[in-house]
Number of protein chains: 2
Amino acid sequence: MFTLTQLTSFVAVAEELHFTRAAARLKMTQPPLSRQIQLLENELRVQLLDRTNRSVRLTPAGRAFLTEARRILRQSEDAALAVRQVSVGEAGTIAIGFTAASAHSMLGALLEATREAVPRAEIVLREMVTRDQLEALTEHRLDLGLGRPSMTGPDLTSRPAGREGLLAALPLGHALAERPGPLSVADFDGQQLLMYSPTEARYFNELLISIFNAARVAPVFSQYLSQVHSILALVSSGLGVALVPEATARLRYADIVFKPVELPTPEPVELSLVWRKNNDNPVLGTLLEHLSRTRGES
Amino acid sequence: MFTLTQLTSFVAVAEELHFTRAAARLKMTQPPLSRQIQLLENELRVQLLDRTNRSVRLTPAGRAFLTEARRILRQSEDAALAVRQVSVGEAGTIAIGFTAASAHSMLGALLEATREAVPRAEIVLREMVTRDQLEALTEHRLDLGLGRPSMTGPDLTSRPAGREGLLAALPLGHALAERPGPLSVADFDGQQLLMYSPTEARYFNELLISIFNAARVAPVFSQYLSQVHSILALVSSGLGVALVPEATARLRYADIVFKPVELPTPEPVELSLVWRKNNDNPVLGTLLEHLSRTRGES
DNA sequence: CCCCGTGATGCCCTTCCCGTATCAATCCAT
DNA sequence: ATGGATTGATACGGGAAGGGCATCACGGGG
């Protein structure tokens, strides 16, 4: 295979049509330049230049190869520049995981921030529950996770990404739905409550349990579910009441009434960003820096 | 700038994710391969591979660069193949000059033959009078000319490309136009004849003069013109009669009647192909070979 | 705890490549 | 016509680059 040096040599000679001048342009002397061209021609087994002692002219093959040579050289330079951009986080790819619930609250803002911080980055989104996000993070399949706070492994770092409130989701016609004014935790005593799975949706499970324990209130946990969607579907069918993150109320389910609930903590649901301590994706670095900067301002 | 060797080294390592195996694939030992990667990384000032003693992994920058590296290598191979095709005349560009008149007779067949002989060649067509074609040929601006036979310089070769007849072009209502049957050369005696320029259209000028001299006939040369188009335009305006190549009769001018003329030589108008003896365009070589082969068959 | 696997490093030698000097061919001018 | 100038090719010497061998450093597994 020919070398890039041979290509630059050839392009210089083809443009100058003069070995000595081309050599000067390449900051070398004429003899090695002649040899570079010879090597290239031998390598290709094609004569690229017709040269006599008085004139240098491109052959048709040389003319064709000149175009190719220029393209290869340009692409090489572009590749060098592009890879440097990627390495400093000005371009590249970032894989972001998110939970279904977070999609309704924080994800939009996060994507906007990403596009602001790294306009030329390609964003790959993957929906997965928080637990899977952590696994994907350690296995380098994800650069950033947006999910519920949880045990972060030793290699992972996290930071809060925002909080939101809980709303009661009540079937149309339910006694609590008819009553005016906000609900209290005590109102859930004895109610059929659609509960989050202690494994798949551990964060919400523990959150609700702690709320009810603190208020010494005991709903009936009729079903354990992992997805907010499923819970709302059952509420809509009248199978019970539920507590869901505020943002999901935007979903406008049929036959569901959302009502505020008075809680000891007004916005008890947390979202957090998780990433590897040992971050090897510069795009992530740029994004995190941007986030802390803009957060600092507001 | 990095070298192509470094790119192939990097691609091999990136695909194997294992230096020793990659080295084996490249038919070299592991140490120099390690150094090639180091050189590439230093050159780019970017870390492409995360390597510990137990694992090799691409960094995001490395992933981005892998794509670029593969493309550059593929293009280099393609360029080598393409230039070889051009050099043996299987592809490339051929510049063909033609006279306006020849466009109506032989040019179509010539183009068809070119496409048959070298399907992948790009054909550049330039209309110019024969004299300009010869100049363009010696200056390498043209590979092949299709025009009237003429003095070919010492560097040029030519061969006949076909012959055709002459037709009388007569204004509608002209005495000769009304008369039934073919004309004879003698009929032109004393006629206002639109004549070809002795410089710009020397071939036709000399052809007609020799025909009239041989028949001892003397028309009146009212105008000297270089283009058949111009002559026909004047005939159409009733300014005289003319003798034009058969093929141009296809042009269907308004108010012109074409009639055959009895000549000593039935098809006195010759066309010829001209090219440089010292032909440096392989496409032309392939085309000429194809022409003599098919001509040989027919 | 030792051994195996793997990438990095040190060292040597070959090869490649540049620069200087020179040659060969051609054009131009006297 | 002949000599000088121009220009690409060639010869040769020295230094740098690059590959192979031996070895080191480090981490994982039996």
Fill in the blank from the handout: Inter-copy distances for A:SER237, nm, shortest first, label points 7 Å along Cα→Cβ, are 9.4
Fill in the blank from the handout: Two pseudo-spin positions, 7 Å from Cα along C-beta at A:ALA215 and at B:GLN47, lie apart in nanometres by 5.1
Practice task
For helix B:30-44, report the angle its Cα long axis makes with the longest principal axis of the Cα atoms of chain B; keep it between 0 and 90° and round to the nearest 10°.
Solution key: 60
Completion exercise
Rounded to whole Å, √(5λ) for the Cα gyration tensor eigenvalues of chain A, largest first, gives 68, 17, 15
Completion exercise
Measuring from the longest principal axis of the C-alpha atoms of chain B, the long axis of helix B:60-87 (C-alpha) lies at a number of degrees, nearest 10, equal to 40
Exercise for the section: Report the label-to-label distance for B:GLU178 and A:GLN223 in nanometres (one decimal), using points 7 Å from each Cα along the Cα→Cβ vector. Expected result: 10.7
Fill in the blank from the handout: Using alpha carbon centers only, region A:129-184 is separated from region B:201-216 by a whole-angstrom value of 100
Exercise for the section: Could you please state, rounded to a whole Å, how far the C-alpha centre of region B:223-251 is from the C-alpha centre of region A:232-288? Expected result: 88
Handout entry: Cβ-derived FRET efficiency at R0 41 Å, A:THR5 paired with A:HIS140, nearest 0.05
Key = 0.65
Problem - region B:155-298: relative contact order as a whole-number percent, Cα under 8 Å and 6+ apart - result: 43
Handout entry: Rh (Kirkwood; distinct C-alpha pairs) - the protein assembly as shown, Å
Key = 32.5
Practice task
Would you mind listing the distances between the A:SER55 label point and the same position in each other copy? Use 7 Å along Cα-to-C-beta, nm, one decimal, shortest first.
Solution key: 6.5
Practice task
Would you kindly work out, in nm and rounded to one decimal, the distances from the label point of A:GLN38 to those of the same position in each other copy, ordered shortest first, with label points 7 Å along Cα-to-Cβ?
Solution key: 3.5
Practice task
Would you mind giving the average projected area, over all directions, of the Cα convex hull of region A:35-149 in nm² with one decimal?
Solution key: 11.9
Exercise for the section: Take every Cα-Cα distance within region A:66-112, group them into 10 Å bins from 0 onward, and report for each bin the whole-number percent of pairs it holds. Expected result: 22, 26, 22, 16, 11, 2
Problem - FRET efficiency, 1/(1 + (r/R0)^6) with R0 30 Å, evaluated for A:VAL124 and B:GLN38 via beta carbons - result: 0.50
Exercise for the section: Report, ordered by chain and residue number, the aspartates and glutamates lying within cross-link reach of A:LYS259, taken as a straight Cα distance under 17 Å and ignoring same-chain residues fewer than 8 apart. Expected result: A:GLU164, A:GLU178, A:ASP187, A:ASP189, A:GLU246, A:GLU267
Exercise for the section: Provide the FRET efficiency to the nearest 0.05 for the A:GLU267-A:GLU77 pair, computing r from the beta carbons and using R0 = 51 Å. Expected result: 0.45
Practice task
Would you calculate the volume per residue, in Å³, of the smallest convex hull containing every Cα atom of region A:4-87?
Solution key: 95
Handout entry: Proximal lysines to A:LYS277, defined as alpha-carbon separation beneath 16 angstrom and excluding residues fewer than eight positions away on the same chain
Key = none
Exercise for the section: Output the Kirkwood hydrodynamic radius of region A:166-266, Cα pairs only, in Å rounded to one decimal. Expected result: 13.3
Handout entry: Over the protein assembly as shown: helical MRE at 222 nm, DSSP H runs n ≥ 4 each giving -39500 (n - 2.57), nearest 500
Key = -13000 deg cm²/dmol
Exercise for the section: Give the percent of DSSP beta bridges with both residues in chain A that are antiparallel, rounded to the nearest 5. Expected result: 55
Practice task
Measure nothing fancy, just the Cα-based angle from helix A:107-117's long axis to the longest principal axis of chain A, in degrees from 0 to 90, nearest 10.
Solution key: 30
Handout entry: B:ARG293-B:VAL88 pseudo-label distance in nm [points 7 Å out on the Cα-to-Cβ vector]
Key = 1.3
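Coordinate-derived values only; no laboratory data. Computed from a predicted model, the values in this text were never measured in an experiment. Glycine also receives a Cβ, built like all others from the backbone with ideal geometry; neighbour counts cover every protein chain displayed.
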